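Worksheet: the structure to be examined is printed underneath.
The values are calculated or read from the model by the stated rules, or taken from the named source; none is laboratory data. Owing to the predicted nature of the structure, the values given are computational and were not obtained by experimental measurement. Here Cβ is always computed from backbone atoms with ideal geometry, including for glycine, and neighbour counts include all displayed protein chains. Side chains included, ligands, DNA and RNA excluded: accessible areas come from the protein's heavy atoms. Shrake-Rupley method; radii C 1.70, N 1.55, O 1.52, S 1.80 Å.
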Amino acid sequence: MKYTSFKIAYAVTFLTLIFSINGTAQKTSDDVAVPFIGNWAAVLPDGHPGWISFYVKDGILDGEAWSVGLGNAISELKVDSDTLYFKRLYKVGVPNFPGGPPTGKKVPVQTRAVVKDDKIFLSMDWPLSNGTTKKLDFKGKRLPSLPSKPDLDKVKFGEPITLFNGKDLSGWRLTNPNQINGWRAENGILINTTPKLNFDPFSKYGNLRTNGEFKDFNFQLEINVPTGGNSGIYLCGRYATQVVDRDSRMQGLQGVGALFARIPPSKNAGKVGGEWQKYDITLVDQHVTIILNGKKSYR
C-alpha cells in the first residue's frame, strides 16, 4: 500500500508516548504459561492501542507492557487453570474533563486474560468511588515474530491512496470520541492550533486517526510546526514518529526523525520551526525506514 502525500500544520498540540516497562516476576511452569507466551496487540477500553508481552525465563513468568501515556509495570503474574492474572497501576479517579485521564493516586487494578487461538480476551476490575468495581473488557490478537529486515528494493506497493481530501475530515476520526476535535481542513492543509502547555500525553483535545487500517505501506507527508510546537505521527498506532522543530527542547527526548522512546535518529535532519519538512516513512514487516527532508533518519 502506498499513501499519497499531504500537508499538516501543527501548533502546540498533543503528544502520544509509548514506554516499555519491565514487570515483576513469579515462578511458574512452562506448560501452563505456553498459551500466553508472545507479543499481543490490543485496543484498550478507552480506544487507545496497547501491547503486552509475556515470556518465561528460568522458570519465571514475566512480562512487559506498552500503552499510550506513561507506562505501567505488570505485577503479580500467575496462571490458574486457563486464566492469566496480573496487575497494573492506574489512576482511577474521576477525570477533570470529559475524555480526560483518570485522576488521583495510582492503585493496582486486577486484570485477567484468556487465550483462544490467536486472540486474547482481557478483563479489568476497574475500581469505582463507591467501593465497587466495574468490569472493563477488551481484546487483542497475537503478533507474529519479528521477521528479518526486508529488502525494500524488492517491495512492490499498490496504487496510491489519498488519505486527506484537502476539504474536510472525511475518512478520519478521533481515537477517543469523548475528547474535543481540534483538527480542521483549510486551504488543502490539515491544521491543529490547539494549546498545549506541557508534554502530558492526555488533553481535552483528541488524537486523530484514519478510518482505514493498513499494514505495510509507504507514507509521505509534509509537516510544519512553529517554534516550540509538538505533535507526533503514529504508524499503525504502534510506532510514534516525532513532529517537532529541530531546535525544540524535545530534541532531548530524541527529536524529529526518531521512533519516539525507542530509537533516536542517526542524524538531525530537521528544520527550524515554521519551515515545511517532508517525511517519507516506510513500514514493512514491522521494520521502519524514515527519510526526513531527503536524508535517511533511521532504519
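The set of residues in the stretch 79-106 being open to solvent by 40 Å² or more (accessible area, probe 1.4 Å), of a type in the set (Lys, Arg) and within 17 Å of GLU64 (Cβ to Cβ) consists of LYS87 alone.
On the given criteria, is PHE214 under 28 Å from PRO144 (Cα atoms) and assigned to a loop (DSSP other than H, G, I, E, B)? Spell out how you get there, then give the answer.
Values: under 28 Å from PRO144 (Cα atoms): yes; assigned to a loop (DSSP other than H, G, I, E, B): yes.
It is true that PHE214 is under 28 Å from PRO144 (Cα atoms) and assigned to a loop (DSSP other than H, G, I, E, B).
Regarding the stretch 202-214, can at least one residue be identified that is more than 15 Å from the chain's Cα centre (by Cα), without any contact (Cβ under 8 Å) to a residue 24 or more places away in the chain, more than 29 Å from PHE54 (Cβ to Cβ) and open to solvent by 20 Å² or more (accessible area, probe 1.4 Å)? No - not one qualifying residue is present in the stretch 202-214. Selection of the stretch 255-299 for residues being open to solvent by 70 Å² or more (accessible area, probe 1.4 Å) and not in a loop (DSSP other than H, G, I, E, B) yields LYS278, LYS295, LYS296.
The rows are residues; the columns are (1) without any contact (Cβ under 8 Å) to a residue 60 or more places away in the chain; (2) in contact with a strand residue (DSSP E or B) (Cβ under 9 Å, 6 or more places away or on another chain); (3) over 25 Å from VAL92 (Cβ atoms); (4) surrounded by 16 or more Cβ atoms within 10 Å (Cβ to Cβ).
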position: PRO108; (1), (2), (3), (4): yes, yes, no, no
position: PHE121; (1), (2), (3), (4): yes, yes, no, no
position: ASP137; (1), (2), (3), (4): no, yes, no, no
position: ASP151; (1), (2), (3), (4): yes, no, yes, no
position: GLY171; (1), (2), (3), (4): yes, yes, yes, no
